[in-house]
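Encoded as structure tokens, the structure appears first; notes follow it.
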Amino acid sequence: MPENSPLTAQVVFATITGNNEAVADVIIADLEAAGVQVKKTEISQTEVDELAQVDIAIIVPYTYDGGSLPDEGLDFYDDLADIDLSQIIYGVAGSGDLYYEDTYCLALDSFDTQIQKSGAKKGADIVRVDLRPEEEDKKHLQVFVDDLIAAAQATKQ
Ligand SMILES: Cc1cc2nc3c(=O)[nH]c(=O)nc-3n(C[C@H](O)[C@H](O)[C@H](O)COP(=O)(O)O)c2cc1C
């Protein structure tokens, strides 16, 4: 890849009531402001091999009953164990509800563990958002994006 070609990213989200799409949109705005070319896809419409085409993959899932994964994301989740993504950087962020204290944002931890099976390298700490992203969350998401970009740039050098 030419030295000064822009970084590319794919943001994969799952949502029922819109909160995780709002988190995805904050992340996308931060990436684009940094000059990253971004593709946004809904999880049930995404094949894991698309992620092999980008520098940075970001997964933004909601958490459901008892800490469970989004139903419509189960195929995507399973397929992460069977693909080689060792050349990319990944991050996981998303919205849950602190009301569910024991299983708060548990799907984020599940995706974090699962994508590691692909060999993808973690470029930023998980960011957990309580319901809709507020100003404080946006600061955390900006750090998340900055860390992912720095990690991707380091692997390209
Ligand atoms: C039936 C039900 C179960 C839920 N279980 C959890 C849970 O275990 N952990 C959690 O963090 N949030 C849980 N939530 C809250 C959602 O994850 C939270 O509202 C999230 O912001 C929804 O994201 P969305 O707007 O993108 O659909 C649950 C919500 C519902 C309706």
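The values are calculated or read from the model by the stated rules, or taken from the named source; none is laboratory data. Bear in mind that the values here come from a model prediction, so they are computed numbers and not experimental data. Quick reminder, even Gly has a Cβ in these numbers, built from the backbone with ideal geometry, and neighbours come from all protein chains shown.
Could we say that Asp97 is within 21 Å of Asp55 (Cβ to Cβ), in contact with a strand residue (DSSP E or B) (Cβ under 9 Å, 6 or more places away or on another chain), free of Cβ contacts under 8 Å to residues at least 60 places away in the same chain and of a type in the set (D, E, K, R) here?
No: the conditions fail for Asp97.
I'm trying to understand the selection: among the residues of segment 103-157, which are closer than 18 Å to Leu85 by Cβ and modelled with pLDDT under 95?
Thr155, Lys156
Out of Ser86, Ser110, I need the residue that is in contact with a strand residue (DSSP E or B) (Cβ under 8 Å, 6 or more places away or on another chain), surrounded by fewer than 21 Cβ atoms within 10 Å (Cβ to Cβ) and of a type in the set (Ser, Thr, Tyr). Which one? I'd like the intermediate steps shown before the answer.
Details: Ser110 fails: in contact with a strand residue (DSSP E or B) (Cβ under 8 Å, 6 or more places away or on another chain).
Answer to the selection: Ser86.
Going through segment 127-136 one residue at a time, which ones are surrounded by 16 or more Cβ atoms within 10 Å (Cβ to Cβ) and either among the aliphatic types (A, V, I, L, M) or farther than 12 Å from Asp30 by Cβ (or both)?
Listed by number, the residues that qualify are Val127, Arg128, Val129, Asp130.
Being away from the ligand (no atom under 16 Å from the Cβ), in a loop (DSSP other than H, G, I, E, B), surrounded by fewer than 24 Cβ atoms within 10 Å (Cβ to Cβ) and of a type outside the set (D, E, K, R), is that true of even one residue in segment 55-70? Walk me through it before giving the result.
Step one: of segment 55-70, the residues away from the ligand (no atom under 16 Å from the Cβ) are 55-57.
Okay, now just the ones that are also in a loop (DSSP other than H, G, I, E, B), so 55.
From what is left, the residues that are surrounded by fewer than 24 Cβ atoms within 10 Å (Cβ to Cβ) are none.
No, because not a single residue in segment 55-70 is away from the ligand (no atom under 16 Å from the Cβ), in a loop (DSSP other than H, G, I, E, B), surrounded by fewer than 24 Cβ atoms within 10 Å (Cβ to Cβ) and of a type outside the set (D, E, K, R).
Tally the residues that are within 16 Å of the ligand (Cβ to nearest atom), touching a residue at least 60 places away in the same chain (Cβ under 8 Å) and touching a Ser or Thr at 6+ places or on another chain (Cβ under 9 Å), restricting the search to segment 15-41.
Of the residues in that region, 4 qualify.
For the structure I just gave you, tell me whether Ala29 is under 13 Å from the mean Cα position of the chain (by Cα) and either small (Gly, Ala, Ser) or modelled with pLDDT under 95 (or both).
Spelling it out, it is not the case that Ala29 is under 13 Å from the mean Cα position of the chain (by Cα) and either small (Gly, Ala, Ser) or modelled with pLDDT under 95 (or both).
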